[in-house]
Amino acid sequence: MAAAGIDLSQVPAMAPPAGQISNFEDPYNRGPAYIVVAAVFMGLATFFVSIRLWARLVVQQSPWWDDAVCVLALLCQATYCGLNIWLCLHGVGKHMWDVHALSLLPLIEPARVMAAVTEPAIGFTKLALMLFYYRIFSRHFVTKLGIFAGLAIILPLYTTLFFLFVFLDTTATTSTNKAMAVLNVVSDFYILVLPLPAVLGLNLPAKKKAGLVALFSTGFFACIMSIVGAVYRFQFANNGADFTFGLLNVILVNTIECSVGIICACLPLFPAVLSHTALGQSADWFVLTLRSIRERLLSSRSRVASINEVHASHNNQFYHETVYPAKNDSCYSILLALYNWLLHPLSVFPGPKLSAASRLPYAWRLWQGQLHENVKQLHDIYGPVVRIAPDELSFNVNSAWNAIYCGGPSNKGFPKHNAYRNAQTFESLFDAPDDQHTRLRRLLKNDFFSLRAARRQEHMVQVYADRLIAQLRAHHCHKSGGCMTGKTRPPPADMRQWYNFATFDLIGHITLSEDFGCLEGQAYHPWILMVLTHFKLSALVMCSRFFPPLSTVISRLAPRRLMRLQNTFIQLITDKVDRRLGRRMPPGQQDFVSIALREGPGDYDEHQQHILQDDSGSDTCQARDIWVSDNRETSGGSQTPSTDTVERLNKGELEANCILLLLAGSETIATSLLSATHLLCEHADAMRVLVAEIHAAAPTESHITFTNTTMNMPYLNAVLRETHRLCPPLANGPARVVGDSGAVIAGWRIPPGTTVGVTQYAANRCSANFTRPEDFLPERWLSPEQAEKYGYAADHQQQFVDDSREVCRPFSTGGRDCLGQNLAWVEFRIMLARMIWNFELDVCPRREKNEHDAWGIGGSKTKKNIRFSAFRKWSDLKAFMLWQKESYFVWLRERHQ
């Protein structure tokens, strides 16, 4: 009778343990968490199956049984998750003592159905994976045998478990649950290692094999989940009293495991969809890179495998179904990054992993102008050879110079990398192919770039040095003996501008017998301003060449102003060359044009007129799309050979080399002069020694000649060499590409196609090459006798005995070294010596006030609140093609003679 009064709706399904009470109102419930997890993983699985079907039915149009099995696995998994969600909404996830006794009974039958559906969901997933392996590795006997064994053993076992769950009583399924837990773990690991025989059969080093195994091990997460699931199944089978709470652990792990398996079976087909869209229409260049992956996977199976045999092997199917379709999407990027990091032939070289995986870090630092400093830091960490990009190595040792830049036809070393050629698309000495370069070099070297020819230009160097000093004395110089303070002092001189003015005017006269009027007008010619912006533009162009699809985007998004700038740049040079070709040179004078055209008595007028009028037979430099085009037309390559017996440059070659000479022959010298001035101003001791030497060797200014500065001023030459060491005109060395037979560089075996180079900035500041590499110490370049003459103790000089001085090669080396280096030495020595002879220089302190107006810098009355200072460290500057120099203001005072 007492039982008749019990309210069964308030009776828990299980008595609470000691210390616990039933909570029917707000119990602890993990059911909602499962619903969220199931929704996420089922959504992902559905998405990837949809992508798989689209790839097979629409893109590849080659559906197979593994696709149908994958759909069946998804349907079973959806049914399984749906049943579990219903169970969670009706009590699963709570403790038994928080569930009404009446609510438990309706859960029994759905739980039995859920347990039965588990087997086909997991079984179909494993079947889809094995069928996928069969499509890839069906030609590999061991792997094929393993697939058949898996199909013959695993599938019957899952089928048996399914019928046991259907027909056995609930109380008799404990052993079945344990058997299923063991089967899940064993089968997952079996499928995981199934492709290993095929992979290990590849002819690869152990490290590369391990990396390739990692690519096939994306299902390892599912194996981990199956182990966790086995633990929960055993716990649930041995202690299932708290049925509703313990069951959630099992269904949660099963849901994740099965969903991950479905995703793994579909992931290789995901890239094919994107390759079928507009994103994949202009990316054939990716195939060239991916070919190395395919050949690495396939040709390594046999040491004598040819490319045709590779295409016939079974792994070719893997390439076309997994990697090749990925050429335009994130999956491609991930696969390629893994390959570059783990399997690439350069993976044995030291360097940061991110740089090994992608060229993006390299391109970003190049665009930021910090590549030189970054490479130096990498060499400091990793040593003499560093992998700075997936296919590029940087060296900082002397032996690498000759190995890379010497040898081969005409001693030119390895060929240049296309991406590192001049950003303009015309050909000059800088970027002409080797055969064309040999001809151009032969035509120009002896008559214009030899030491004898450079000394013939000494008179013009002296003329423009006179003009520079006269302008500085007139506008910025404080008279000797006065105090360099007070409001009446002359304004400081921005030596960056003045050196550029002088070198641009000088090289303009040497090249075209017409300067730009910079010194006279105390301002940049508009063309020069375009030149100074050209180098950063070149860096952007170079970055885009590393990513060809990106170059198309950049060409469309780039401001039209940049393209107009290029057109104007080319047109100005063309006009200047035409104007020069229309006039005679005075008797006894020569410039670059007259030498390039072999002008001489009797043929001057005839050849001049021929060059000007022959528009159809010569290639004039035309403004082309520098962003996209990388197929270069040889200037004059199709021109009909001249009937003249004297070989000359055609007009296109003349314009291209005039542009090169105006760019390289001005900015590099200005950079060297500014860096030397900066270093001397920062090191008073070196300045004092240099001043004493110059005045001792040159009692009057007229004694400052090329011969005198070369023969009688060893400390001046030491200053120049130390300047080139710390501030090389080209911070990043020219890159070359190793030939088809590979090479040995600095003791390292380098595979074919590798981009290599000596980074001058890193080599010159390496502690393994130089003692106190960051310090400005000109005395390191002096002989013991010279050092003793200038008061340096033998103990002091002893520290430089092991310096690798040969590693400092500011003008490169080999058959493509800088032809203008003789002229550069003439300018550098004479201009710097005369500046030091005439002026005392003091660095201007940092200012940001309106003092610009009082000083009248540049003649502008609008320059207000502009930073006015001199940079403190050269290493703080950015470097693109050349250095991006900042203003360097100094006070000038006429030196007391």
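Throughout, read-outs are computed from the coordinates displayed, never taken from laboratory work. Quick caveat, the model's predicted, so the values are computed rather than measured. With ideal geometry, Cβ positions are generated from the backbone for all residues, glycine too; neighbour counts draw on all protein chains shown.
Okay, here's what the table says:
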read-out: Cβ-based exposure ranking for Leu354, Leu371, in which fewest neighbours within 10 Å come first; value: Leu354, Leu371
read-out: Which listed pairs, of Lys376/Lys789; Lys353/Lys878; Lys416/Lys445, have C-alpha distances above 30 Å, in listed order; value: Lys376/Lys789
read-out: Thr710 paired with Thr568, simple spin-label distance in nm, labels 7 Å along Cα-to-beta-carbon; value: 4.1 nm
read-out: Nonlocal amide H pairs with His478, under 5 Å, H built at 1.01 Å; value: Leu892, Arg893, Glu894
read-out: Amide hydrogen neighbours beyond the local backbone of Val758, cut-off 5 Å, H modeled; value: Phe395
read-out: In nm, spacing of pseudo-spin labels at Glu894 and Ala78 (7 Å Cα→C-beta vector); value: 9.5 nm
read-out: ³J(HN,Hα) computed for each position of the stretch 660-670 - Karplus, 6.51 cos²θ - 1.76 cosθ + 1.60, integer Hz, glycine/proline x; value: 4, 5, 5, 6, 6, x, 10, 5, 5, 5, 4
read-out: From phi via Karplus (6.51, -1.76, 1.60), per-residue ³J(HN,Hα) for the stretch 489-502 in Hz, x at Gly/Pro; value: 5, x, x, x, 9, 7, 5, 4, 5, 5, 5, 5, 4, 5
read-out: Nonlocal amide H pairs with Phe839, under 5 Å, H built at 1.01 Å; value: Arg895
read-out: Footprinting exposure proxy for Trp498, Trp748 (fewest neighbouring C-beta atoms within 10 Å first); value: Trp748, Trp498
read-out: Estimated FRET transfer efficiency when R0 is 30 angstrom, pair Arg584-Arg439 (beta carbons, to 0.05); value: 0.65
read-out: Chain lengthening between Val193 and Asp842 when straightened (0.36 nm per residue, less Cα-Cα); value: 226.4 nm
read-out: Residues Glu392, Glu806, Glu886, Glu653, sorted so that the one with the fewest Cβ neighbours within 10 Å comes first; value: Glu806, Glu886, Glu392, Glu653
read-out: Contour excess over end-to-end distance, with Cα ends at Ala794 and Arg455 and 0.36 nm allotted per residue; value: 118.4 nm
read-out: Modelled FRET efficiency - R0 56 Å, Ser741 with Ala474, Cβ distances, 0.05 increments; value: 0.35
read-out: Karplus-derived HN-Hα couplings along the stretch 715-724 (A = 6.51, B = -1.76, C = 1.60, θ = phi - 60°), whole Hz, x at Gly and Pro; value: 6, 4, 5, 5, 4, 5, 5, 5, 5, 5
